[in-house]
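**Student:** If you scroll down you'll find the structure; I have some questions about it.
The values are calculated or read from the model by the stated rules, or taken from the named source; none is laboratory data. Since we're looking at a predicted model, the values are computed, not measured. Using ideal geometry, Cβ is built from the backbone for each residue, glycine included, and neighbour counts are taken over all protein chains shown.
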Amino acid sequence: MVLADLGKRINSAVNGALSNSQDDYASTVDHMLKGIVTALLESDVNVKLVSKLKNNLKSKLLDSKGDNRSISNGQTKKMIQKAVFDELCDLVDCRTGESFQPKKKKCNVIMFVGLQGSGKTTSCTKLAVYYSRRGYKVGLICADTFRAGAFDQLKQNAIKAHIPFYGSYTETNPVKVAAEGVAKFKKEKFEIIIVDTSGRHQQEQALFQEMVEISNVVKPNQTIMVLDASIGQAAEQQSKAFKESADFGAIILTKMDGHAKGGGAISAVAATNTPIIFIGTGEHMHDLEKFSPKSFVSKLLGIGDIESLLEQ
Amino acid sequence: AFSFLKKHILGNKTISEEDLKSVLDKLQQKLISKNVAPEVARHLSQQVSKDLIGSKTANWTSVENTARESLIKALTQILTPGVSVDLLHEIQKRTSQKDSEGKKHPYVFSIVGVNGVGKSTNLSKLAFWLLQNNFNVLIVACDTFRSGAVEQLRVHVENLAQLTDESHVRGSRNRRGKSGNDHVELFEAGYGGSDLVAKIAKQAIKYAKDQNFDVVLMDTAGRRHNDPTLMSPLKSFAEQANPDKIIMVGEALVGTDSVQQAKNFNNAFGKVRNLDFFIVSKCDTVGEMLGTMVNMVYATGIPILFVGVGQTYTDLRTLSVKWAVDTLMS
Ligand SMILES: Nc1nc2c(ncn2[C@@H]2O[C@H](COP(=O)(O)OP(=O)(O)OP(=O)(O)O)[C@@H](O)[C@H]2O)c(=O)[nH]1
Ligand SMILES: Nc1nc2c(ncn2[C@@H]2O[C@H](COP(=O)(O)OP(=O)(O)OP(=O)(O)O)[C@@H](O)[C@H]2O)c(=O)[nH]1
Ligand SMILES: [Mg+2]
Ligand SMILES: [Mg+2]
């Protein structure tokens, strides 16, 4: 995963600053913060978040060293790592309590939303395959009546994955298709019903209104926003707007097999206080991995054993 | 108060590195917040330094305003294409020439880019623009990989056929038995591997020549720019199809990766071939954050042909450099 690159750079900023014994502690911290800031900005983390994180870290580090002037370099390093770790965790770990778990023998509706081309349709099938392999009865609905070929795309994916699907070539109202599909699958006792929707963006009100209407009729148990890992500074405002209208409860981060560092997505997580639950790592239906923020950040920082760090 | 004025407002001041530092930091930060990649923002601020250190501010002009002006100049310079290309004229010229058999050679475009950026949609917008200018267009489905890619283009061809001829019946076949009508037609051969792609491309060009098409637009599958197994087929594709213009679609939403995306696609065709143009799509989704276009042009020097500003056929615009620079600086 290329995100590890960010971890390496943050680590080397920490190590580099610490190894320079000429500097006093305050300039070591300054030095290191500069390196971290550059690494984060180059990974598309939101500008405002970066400056907030920098200030938090600075006051944390300067304060704690103030109490205890005689600690060793090794201890200083650990302390710095922990402070950085905590700050990054605050960014991606949103402590929103229990995450959604679909219930067997019940009907769980999952609705997908997101910007154009982010990977919704592809991820819908991936998630359907994921749950289907775990014994759920899963159906897919194409409530994208706008994008050319959207139904064919979902249909071909579903057929390949042996997942039942619903959609229409003639109906132009996505709210209607969604309602009909959910009703049909509910009647047939499907346990997980996944609803794919068109790509949309904050600047077009009518599209957001449509999303709200779809949501109102399908009454999702979980709404997932799909985000492309390469997204830049626009991540924050777009994801905030989606949060306000669709109140999504989870994020799937796609195209993590690419070269992008995913900092924009981290900013979206922070801006909406919503966790990433899966990452997409390719175009094929099995390219989906579970995501855990804590182990993600520890990997990011190259810290093997977080627990020992946390006990400090 | 007077000394403050003297220091900050009054002109005719020799500008030092010291004076510029905080001003440039601020401008860089602004650019980054507009989605300009940090390395590009640094480059621009170096340009401003080079331009200004040792020079004098104009009368009644602060260092800050002088730096802004210089940055506007640098951004304008990056975004302004080095050569002016009148594509319609070029196509006209080409299609008016006939070979010994009395046939014209069609003008061929291929569209490339990473996954989901808007290649197929903007290809269809290009088709609409060409149709409006009275060219016949053959649309070629060279994305034989992604589910629904062929059907997606077929829907566009039906839409475009209806737009050029109201009496067109959706789903009907034209006189050659294909989707579309006399003006716009789909060339397809289903789904398959990369051998199929090159084969379709060559067949399509021959077909277009035989059937007297003016322009061929080839869609290709989205690919990750960091995967050599996906990128290397582009080279042989370009060799076989030998398109007149290769256009990369990049989306305005992408962050710093846009620099590398543009570079890798520009380098994908070997030493003797480059990209010819960019289309920067989804500019309607980023508000003022237009940095991606600066990143892509900075990384390669390849000019922007059009910007995409929406999902309908008319949402394709020529880039106004002034608009882009004003938006970035606002
Ligand atoms: N490499 C890679 N490509 C992906 C991934 N997820 C999706 N894609 C590709 O991204 C492109 C867009 O995916 P779609 O699923 O069509 O995106 P969408 O959000 O449904 O698009 P719209 O419905 O038009 O808004 C396709 O070419 C997919 O194959 C991923 O995790 N990795
Ligand atoms: N808002 C907006 N959406 C756009 C624009 N251009 C394309 N899109 C949307 O982006 C999504 C993806 O477009 P496609 O044309 O399928 O992208 P692609 O690059 O061909 O995708 P793959 O073939 O899967 O790699 C669709 O929902 C389009 O409607 C644009 O300029 N503005
Ligand atoms: Mg879709
Ligand atoms: Mg396409």
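**Student:** Filter region B:39-49 for residues that are within 12 Å of chain A (Cβ to nearest Cβ) and either assigned to a loop (DSSP other than H, G, I, E, B) or surrounded by fewer than 21 Cβ atoms within 10 Å (Cβ to Cβ) (or both) and give the result.
**Tutor:** B:E39, B:R42 - these are the residues of region B:39-49 that are within 12 Å of chain A (Cβ to nearest Cβ) and either assigned to a loop (DSSP other than H, G, I, E, B) or surrounded by fewer than 21 Cβ atoms within 10 Å (Cβ to Cβ) (or both).
**Student:** Take A:D257 and tell me if it is more than 16 Å from ligand 4 (Cβ to nearest atom) and touching a Gly at 6+ places or on another chain (Cβ under 6 Å).
**Tutor:** So A:D257 fits the description; yes.
Results for (1) acidic (D, E); (2) at positive phi, shown as yes or no for each residue.
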position	(1), (2)
B:F109	no, no
B:V114	no, no
B:S120	no, no
B:N134	no, yes
B:C142	no, no
B:E151	yes, no
B:V157	no, no
B:L163	no, no
B:E166	yes, no
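**Student:** When you go through A:T121, A:T125 one by one, which is the residue that is more than 16 Å from ligand 4 (Cβ to nearest atom), under 30 Å from A:K155 (Cα atoms), within 14 Å of chain B (Cβ to nearest Cβ) and in contact (Cβ under 8 Å) with a residue 40 or more places away in the chain?
**Tutor:** A:T125
**Student:** Which ranges mark the helices (runs of 4 or more DSSP H) fully within region A:172-251 that have 1 or more residues being closer than 21 Å to A:Q153 by Cβ?
**Tutor:** The qualifying helices (runs of 4 or more DSSP H) are A:174-187, A:205-218.
**Student:** Against the definition (modelled with pLDDT of 95 or more and in contact with a strand residue (DSSP E or B) (Cβ under 6 Å, 6 or more places away or on another chain)), how does B:F269 come out, yes or no?
**Tutor:** When the stated conditions are applied, B:F269 does not pass them.
**Student:** Assigned to a helix (DSSP H, G or I), surrounded by 19 or more Cβ atoms within 10 Å (Cβ to Cβ) and modelled with pLDDT under 95: which single residue out of A:A270, A:A260 fits that description?
**Tutor:** Just a single option satisfies the conditions, and that option is A:A270.
**Student:** Still on this structure, I have one more. Give the residues of region B:300-330 that are of a type outside the set (D, E), within 19 Å of B:M248 (Cα to Cα), in contact with an Asp or Glu (Cβ under 9 Å, 6 or more places away or on another chain) and within 14 Å of chain A (Cβ to nearest Cβ), sorted by residue number.
**Tutor:** Of everything in region B:300-330, those that are of a type outside the set (D, E), within 19 Å of B:M248 (Cα to Cα), in contact with an Asp or Glu (Cβ under 9 Å, 6 or more places away or on another chain) and within 14 Å of chain A (Cβ to nearest Cβ) turn out to be B:G308, B:V309, B:G310, B:Q311.
**Student:** Could you grab me the full set of residues in region B:1-25 that are surrounded by 12 or more Cβ atoms within 10 Å (Cβ to Cβ) and either within 15 Å of B:L71 (Cα to Cα) or modelled with pLDDT of 85 or more (or both)?
**Tutor:** B:I15, B:S16, B:D19, B:L20, B:K21, B:V23, B:L24
**Student:** Follow-up. Using the structure shown, decide if A:P174 is of a type outside the set (D, E), in contact (Cβ under 8 Å) with a residue 40 or more places away in the chain and either crowded, with 23+ Cβ neighbours inside 10 Å or in contact with a Gly (Cβ under 9 Å, 6 or more places away or on another chain) (or both).
**Tutor:** Yes: the conditions hold for A:P174.
**Student:** Another question about this same structure. Every residue in region B:89-125 that is among the polar types (S, T, N, Q) and within 29 Å of B:G222 (Cα to Cα), please.
**Tutor:** B:S110, B:N115, B:S120, B:T121, B:N122, B:S124
**Student:** While we're here: If I filter region A:35-49 down to residues being closer than 18 Å to B:M289 by Cα and surrounded by fewer than 24 Cβ atoms within 10 Å (Cβ to Cβ), which single residue comes out as farthest from the other protein chains (Cβ to nearest Cβ)?
**Tutor:** Per the stated criteria, the residue is A:L49.
Let's see how each residue does on (1) among the aromatic types (F, W, Y); (2) within 16 Å of ligand 1 (Cβ to nearest atom); (3) surrounded by fewer than 21 Cβ atoms within 10 Å (Cβ to Cβ):
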| residue | (1), (2), (3) |
| --- | --- |
| B:Y191 | yes, yes, yes |
| B:V197 | no, yes, no |
| B:K202 | no, no, yes |
| B:I205 | no, no, no |
| B:F213 | yes, no, no |
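**Student:** Take B:L138 and decide whether it is surrounded by 19 or more Cβ atoms within 10 Å (Cβ to Cβ), away from ligand 4 (no atom under 16 Å from the Cβ), in contact (Cβ under 8 Å) with a residue 24 or more places away in the chain and more than 11 Å from chain A (Cβ to nearest Cβ).
**Tutor:** When the stated conditions are applied, B:L138 passes them.
**Student:** Tell me which of these A:N216 doesn't satisfy, since it passes every other one: (1) more than 30 Å from B:G291 (Cβ to Cβ); (2) more than 12 Å from every other protein chain (Cβ to nearest Cβ); (3) within 16 Å of ligand 3 (Cβ to nearest atom).
**Tutor:** (3)
**Student:** Do we have any residue at all in region B:248-270 that's within 14 Å of the chain's Cα centre (by Cα), of a type in the set (S, T, Y) and surrounded by fewer than 24 Cβ atoms within 10 Å (Cβ to Cβ)?
**Tutor:** No, the conditions are met nowhere in region B:248-270.
**Student:** On the given criteria, is A:F151 among the hydrophobic types (A, V, I, L, M, F, W, C), touching a residue at least 40 places away in the same chain (Cβ under 8 Å) and either under 26 Å from A:V175 (Cα atoms) or away from ligand 2 (no atom under 16 Å from the Cβ) (or both)?
**Tutor:** No: the conditions fail for A:F151.
**Student:** Could you identify the single residue in A:K243, A:K187 that is free of Cβ contacts under 8 Å to residues at least 40 places away in the same chain, surrounded by fewer than 23 Cβ atoms within 10 Å (Cβ to Cβ), under 23 Å from A:D44 (Cα atoms) and away from every other protein chain (no Cβ under 14 Å)?
**Tutor:** Only one candidate passes the filter, namely A:K243.
**Student:** Here are some conditions: (1) more than 16 Å from ligand 1 (Cβ to nearest atom); (2) surrounded by 22 or more Cβ atoms within 10 Å (Cβ to Cβ); (3) within 19 Å of B:G308 (Cβ to Cβ). B:V117 meets all but one. Which one does it not meet?
**Tutor:** Unmet for B:V117, out of (1) more than 16 Å from ligand 1 (Cβ to nearest atom); (2) surrounded by 22 or more Cβ atoms within 10 Å (Cβ to Cβ); (3) within 19 Å of B:G308 (Cβ to Cβ): (1).
**Student:** Which of the residues belonging to region B:218-251 are aliphatic (A, V, I, L, M) and touching a residue at least 60 places away in the same chain (Cβ under 8 Å)?
**Tutor:** Listed by number, the residues that qualify are B:M218, B:A221, B:L234, B:A238, B:A241, B:I246, B:I247, B:M248, B:V249.
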